[in-house]
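Trainee: What follows is a single structure, and I will ask about it in a moment.
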Amino acid sequence: MRVRTHTNPFNYHERQERIDFKSIWPEFNGILDYEIGFGRGIFLRNWAEKYPDRNIVGAEIRKSVTDILKERAEKAGLKNTHLIHGNGEIILEDCFDDESLDTIFVFHPDPWFKKRHHKRRVVRPKFLEIAEKKLKPEGVIHVSTDVTPLWEGMKETFDADPKFELVPDHSFWSEDYTSHWHEFGQRDGRDLNIGTFRKLS
C-alpha cells in the first residue's frame, strides 16, 4: 500500500523575508527556478547538476526533509541551490521579486481527496495569481501527478485562468524530468499526468 505523508501547509503561517540572491550567489546571473515540495530532492539535485548556470530554490514544508537535502547538496558541492523550510506559497509570495522566476516546478503534490480539503491543494486560483506575478513573461509552470482526479482539478484551474496557456509536448518531460514517484506509479498501475503551462506576456 502506498502511504503519503500529508502536511497541511495552512498550518504553517510564518512569513518570509525577501531574498537578495546576489548575497547567496555573488555571481547571480538572473536565471532563477523554484520547486515547491522537493521531497527527497531527486529532481532538484539532478537539475542543479545538469544546469550549473541556472539557480534553483527549493521549498519543503517538512523541516527534517529540508535539513537532509541541505546536507546532501552541500556534500555534492551544489553551489546553485538554496533550500527553505516553509509554506511553498508563502515563500513564493514573500521571497521573490515580481517577474523574477523563469520556472516553477510542482511535482506530485498531495492530492487532498476530500472536497472540503481541496483548498489545501497547491494549484488553485490564489496560487496562480501569485505565480503570475512572480514569473517572467513567458515563464512556465511544470506540474505532474499520478492521481487523475487531482490532475483534472489542476487542469481546470489552469484552463480557467486566462493568463496561462498549455504548452503541448514540452521537451522538459522527455529531457529533464526525474522523480522517485515513478516507481510508485508504475507499481500501482497509475497513469502519469504531466503538463507545462506558460504565462502569457
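Trainee: Would you confirm whether any residue within region 43-56 is at pLDDT below 95, surrounded by fewer than 18 Cβ atoms within 10 Å (Cβ to Cβ) and in contact with a strand residue (DSSP E or B) (Cβ under 9 Å, 6 or more places away or on another chain)?
Mentor: Pass one, region 43-56, residues at pLDDT below 95: none.
Looking for residues that are at pLDDT below 95, surrounded by fewer than 18 Cβ atoms within 10 Å (Cβ to Cβ) and in contact with a strand residue (DSSP E or B) (Cβ under 9 Å, 6 or more places away or on another chain), one finds none in region 43-56, hence no.
Trainee: Which residue pairs have Cβ atoms under 7 Å apart, sit 6 or more places apart or on different chains, and have a first residue in region 74-86 that is of a type outside the set (Val, Ile, Thr) and a second that is in a strand (DSSP E or B)?
Mentor: 80/55; 80/56; 82/57; 83/58; 85/60; 86/59
Trainee: Next question. Residues of region 157-189 being assigned to a helix (DSSP H, G or I) and either at pLDDT below 95 or closer than 23 Å to residue 41 by Cα (or both), which ones? Before you say what the answer is, go through the steps one by one.
Mentor: First pass over region 157-189, keeping only residues assigned to a helix (DSSP H, G or I): 157-159, 172-175, 181-188.
172, 173, 174, 175, 181, 182, 183, 184, 185, 186, 187, 188 - these are the residues of region 157-189 that are assigned to a helix (DSSP H, G or I) and either at pLDDT below 95 or closer than 23 Å to residue 41 by Cα (or both).
Trainee: Only residues in region 127-156 that are under 19 Å from residue 95 (Cβ atoms) count as the first member; pair them with residues that are of a type in the set (Ser, Thr, Tyr) and not in a strand (DSSP E or B), Cβ under 9 angstrom, at least 6 apart or cross-chain, and list the lot.
Mentor: Between residues of region 127-156 that are under 19 Å from residue 95 (Cβ atoms) and residues that are of a type in the set (Ser, Thr, Tyr) and not in a strand (DSSP E or B), the close pairs are 127/157; 128/157; 134/100; 135/100; 136/100; 136/201.
Trainee: Of the conditions (1) modelled with pLDDT of 95 or more; (2) surrounded by fewer than 17 Cβ atoms within 10 Å (Cβ to Cβ); (3) within 18 Å of residue 190 (Cβ to Cβ), residue 148 clears all except one; give me its number.
Mentor: (1)
The values are calculated or read from the model by the stated rules, or taken from the named source; none is laboratory data. Because the structure is predicted, anything quoted here is derived from the model rather than measured. Methodologically, a virtual Cβ is constructed for each residue, glycine included, from the backbone with ideal geometry; neighbour enumeration extends over all protein chains shown.
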